[in-house]
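Worksheet: one structure, shown below.
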Amino acid sequence: MAIEGGFVTAPTCQPVETSHPVLAAESLRKSFGAAPVLIDVSLTLHPGEVHAFIGENGAGKSTLAKLLAGHEQPDQGRILLDGQPVRFPGPSDAERHGIVLVHQELLLAGQMTVAENLFLGREQRRGPFLERTAMRIATAERLTRLGCSVHPDMRVDRLSIADRQMVQIARALLIPHRVVIFDEPTAVLTPAETAALFRVITELKASGAGILFISHRLAEVAAIADRVTVLRDGRHVATHLAADLSQHEMARLMVGREMSALFPDKPQVPTGPVVLEIGGASVPGFVTDAGFSLCRGEMLGFAGLVGAGRTELFEGLLGLRPARIGKLLLDGHPHPLPNPRAAMEAGIGYLTEDRKGKGLLLRHNLAFNLTLAAEHRLHRLPLVDAAREQAALSRALGDFDIRVGRRDALAGQLSGGNQQKLLLAKTMLRRPRILVIDEPTRGIDIGTRAQIYRFIASLAREGVSCVIISSEMQELIGLCHRILVMRAGRVVAELQGEEMTEHNIVVHATGVAEPAA
């Protein structure tokens, strides 16, 4: 296992040869309302095998995982464990049979500590007393195994998203397991954290556990999987040995067509005017003396490792957290932004990296989410103008290709890619002239990624200035005119043109070596 140029590599996986699957599914069907999500999907999983499932957002991967782990019930078909039909009325029943799901969503109690979350519902006791010391020690050991150094007594709501994901993985692996289902486990992890997780998966495989691995990152699928199954529109498309598929072939099977260039042609390098200029920006505990400028129609990238301060910098600039800003000029004029409302009114839109927790109200419908931040444009307060709201939704569904079975669906029922497109449509409804996008394609399939890249490039051509914060180096290189690299809360490098390479980003982001003068 190694990390080369920011990418994870793993030992070559050998095909598993056994005639006795530990888990199998036969002709599973599942619909939500009138919309079919899975149609006659079958699979087998052998002991000591990593079986990857790939497909575009909405292909049915997460639904399949939930069926196998007892979180949902199939409408038709059956699940077999060691060749015998089983039914799991709930996830605890599946866990008692050794089937564990590591969710894509973060399902932790934010007000509790890391150790309390790991052992919630399965506390260690001596008589009536909790064995708190033993649980803290076990927590530290589990997290260390995953390459995570957070303290067991830290409150979860104070952790980064990446650390929360590691806590969730550690919690799942406390359960005695024969089958472990990972649903997008690396979407928020750094390459180093991903490498640590892959070492754990390799150990699980060696112990005889069966692994179902769902990921949009095809390089990781190629590195870790023995077999690959492709789903498209809820149907089984193909199953192949991973060694027999290139990443390009995986992408083609996912989308049902040849993939053209993933990144659109960049608009011409902007020459001005400068629309935003920042100097002496500090966010206590995160960012020190940061500065940059942004031109009209420019796509400016921010690179760096998790914890470098990229997100915190922009949350501070936009009034989402306390900050000290030495200079903030909009169109050359001082313009304080004391709160998010002031930033929106100044024409700055912000897409948070946490679309589920901070970007959308998952229990509300699409129209409500879309128009919530633009009520002054669409509503006649205190009344809601339903006709204008529905007209705005119709335009958004078409302009941003938001794919949904029913217009009255809840935001939480959309796939991750369609949630991101809804969030983008919601932000653009206010017609911002500066757009800050934090992790624009995290957890999104390759086909939807290409769509979002085209959306961003088209905005830049129209004169919208775009700031793109991303942990995907290829994303920044493929989209941006310039890339600023942050390390330990400071902007340490500016790259443009031929300087924008993965090597240069890694060198500056890690500080392991400095380029020759």
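The values are calculated or read from the model by the stated rules, or taken from the named source; none is laboratory data. Predicted model, so just to flag it, every value in this text is computed and none were measured. Here the Cβ is made from the backbone with ideal geometry for all residues, glycine too, and neighbour counts use every protein chain on show.
All of 439, 472 fail the test of being farther than 14 Å from residue 300 by Cβ, crowded, with 23+ Cβ neighbours inside 10 Å and at pLDDT below 95, apart from 439. Residues in the stretch 317-335: is at least one surrounded by 21 or more Cβ atoms within 10 Å (Cβ to Cβ) and closer than 29 Å to residue 265 by Cα? No: zero hits. Of all helices (runs of 4 or more DSSP H) completely enclosed by the stretch 173-262, which ones contain at least 1 residues that are among the basic types (Lys, Arg)? Correct list: 191-206, 247-255. Quick one: in the stretch 91-116, of everything that is over 21 Å from the mean Cα position of the chain (by Cα) and of a type in the set (S, T, N, Q), which residue is farthest from residue 201 (Cα to Cα)? For the stretch 91-116, the residue satisfying everything is 111.
Mind checking which residues of the stretch 313-323 are over 19 Å from residue 475 (Cβ atoms) and touching a residue at least 60 places away in the same chain (Cβ under 8 Å)? Break it down into steps so the answer makes sense when it comes.
Kept after step one, since they are over 19 Å from residue 475 (Cβ atoms), are these residues of the stretch 313-323: 315-323.
Selection gives 318 alone.
Just one of the listed residues (167, 102, 156) is crowded, with 19+ Cβ neighbours inside 10 Å, among the β-branched types (Val, Ile, Thr) and over 22 Å from residue 215 (Cα atoms), namely 156.
Just for the stretch 389-418: of the residues that are of a type outside the set (A, V, I, L, M) and within 22 Å of residue 214 (Cβ to Cβ), which one is nearest to the chain's Cα centre (by Cα)? Outline the logic, then answer.
So in the stretch 389-418, the residues of a type outside the set (A, V, I, L, M) come out as 389-390, 394-395, 398-401, 403, 405-408, 412-413, 415-418.
Checking the rest, the ones that are also within 22 Å of residue 214 (Cβ to Cβ) come to 403, 405, 412-413, 415-418.
Values: 403: 19, 405: 23, 412: 15, 413: 16, 415: 12, 416: 8, 417: 10, 418: 13 Å.
Looking at residues that are of a type outside the set (A, V, I, L, M) and within 22 Å of residue 214 (Cβ to Cβ), I get 416.
Among the residues making up the stretch 485-513, those that are touching a strand residue (DSSP E or B) at 6+ places or on another chain (Cβ under 7 Å) and either acidic (Asp, Glu) or crowded, with 23+ Cβ neighbours inside 10 Å (or both) are 485, 486, 491, 494, 505, 508.
Applying a threshold of 7 Å to beta carbon distances and a minimum spacing of six or more residues, or different chains, the list of pairs starting in the stretch 403-419 at a residue that is in contact (Cβ under 8 Å) with a residue 40 or more places away in the chain and ending at one that is of a type in the set (Lys, Arg) reads 410/363; 412/363; 418/403; 419/355.
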